[in-house]
1. Could you pull out every one of the lysines with an alpha carbon less than 20 Å from that of Lys23, ignoring same-chain neighbours closer than 8 positions?
2. Report the net charge of residues surrounding Ala83, where surrounding means a beta-carbon distance below 12 angstrom and charges are Lys +1, Arg +1, Asp -1, Glu -1.
Amino acid sequence: MTLSESAAAPVNEVVLEAVGLTKHFPVRKRLRDLFSRTPTAVHAVDDVSFALRRGQVTALVGESGSGKSTVARLLAQLHRRTAGDIRLHGVSTTVRGGRAFRSYVRRVQLILQDPFASLNPVHTIRYHLTRSLRIHGNAGRTAEDLEKALGELLTRVSLTPAERYLDAFPHELSGGQRQRVAIARALGADPEVLLADEPVSMLDVSIRLGVLNLLRDLKDRLNLAILYITHDIASARYFADETIVMYAGRMVEGGDSETVTQNPAHPYTRLLIESAPDPDRITGAADATGQDRGNGEPPSLIRPPAGCRFHPRCPHVMPRCKVDLPLRLEIADRPGHWAACWLYDPATVAAEGSASAAPDADPTIGPPPAARTGPRSSAPAVPLIHRAEDAR
């Protein structure tokens, strides 16, 4: 599908879909484990399901080691999935290389995190872009067609005049310019989906907004579906239409970005937001009620804890959390907002609501998060980074 056909396709059409996506990396056994019949593996991703739609950005948010980048590489078919399915336009897709893989990556392109390592330092920008155009059959038939295509690619990523950059080497460009070249290289395939694996985390803070605005402009003009992987939940609110939060390989919350970031439901999402720098908030290990804020390390993914994987750090842990894997439960505040947390199970809400109404209940503690009906005040609002018009 060409860029013109992609731009004319209906907005919100599901392009790429992950269904129960799972990836376990086998671990080499040690000498004392040679006679053990129990397979040892890192549970990097477990049962991840979401859809990427045309003209929309889906953000995958979580701390380091939560499985975000593994999800991107699974969708790019760089890793073989252990279980689950990847559907391109509703069709199950598995590629192992060769022509099938080339046909797939023509529609689904991955933008890597580090622009310093994603470009070959011994080749010019012309070489990188020409190779992309020729591999995917977009270089034209003549030298003039190729030069025109190269100029259009650099113009799309706001590197003008093109002649200034085509014969430059990667080390002669800034980090932001290198990342724009990496984006242009991905656009050389005329993709329908961009998998952006933390595309601004390696860049200076002063130029991150420009790259995000570029991706937003490309999404609108070319009707692309974008997966935006980040650990910065504030940029997810600014850039993404939908936000999904991951912890220890599992999805724990999802919904539209404004709701997830401003009215978080899952305790991990609340703690993730509280970790964002806020000069108006005094940091500490406990909140005003003296509750623990979830200190500790993420669990081992070789032997993940039973039940909810967040329960060893959760300030609202219940006995059920240590045994039963939480289901995806709808939150009543906004349509499509859900959390995988037993606090929002109707039975739990009813039981804790009656306990808080008991005569001997402690009035200083207040109702649990599941019983609150208004905006949750214990999780501070995510500061919104500057809009595009403020950056001009």
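Rule-based calculations on the coordinates, nothing more; no lab input. Because the structure is a prediction, the values reported are computed rather than measured. Cβ sites come from the backbone with ideal geometry, for glycine too, and all protein chains shown count toward neighbours.
1. By straight Cα distance, Lys23 reaches Lys68.
2. Numbers: positive: Lys23, Arg80, Arg81; negative: Asp46, Asp47, Asp85.
Within the 12 Å Cβ shell, the charges total 0.
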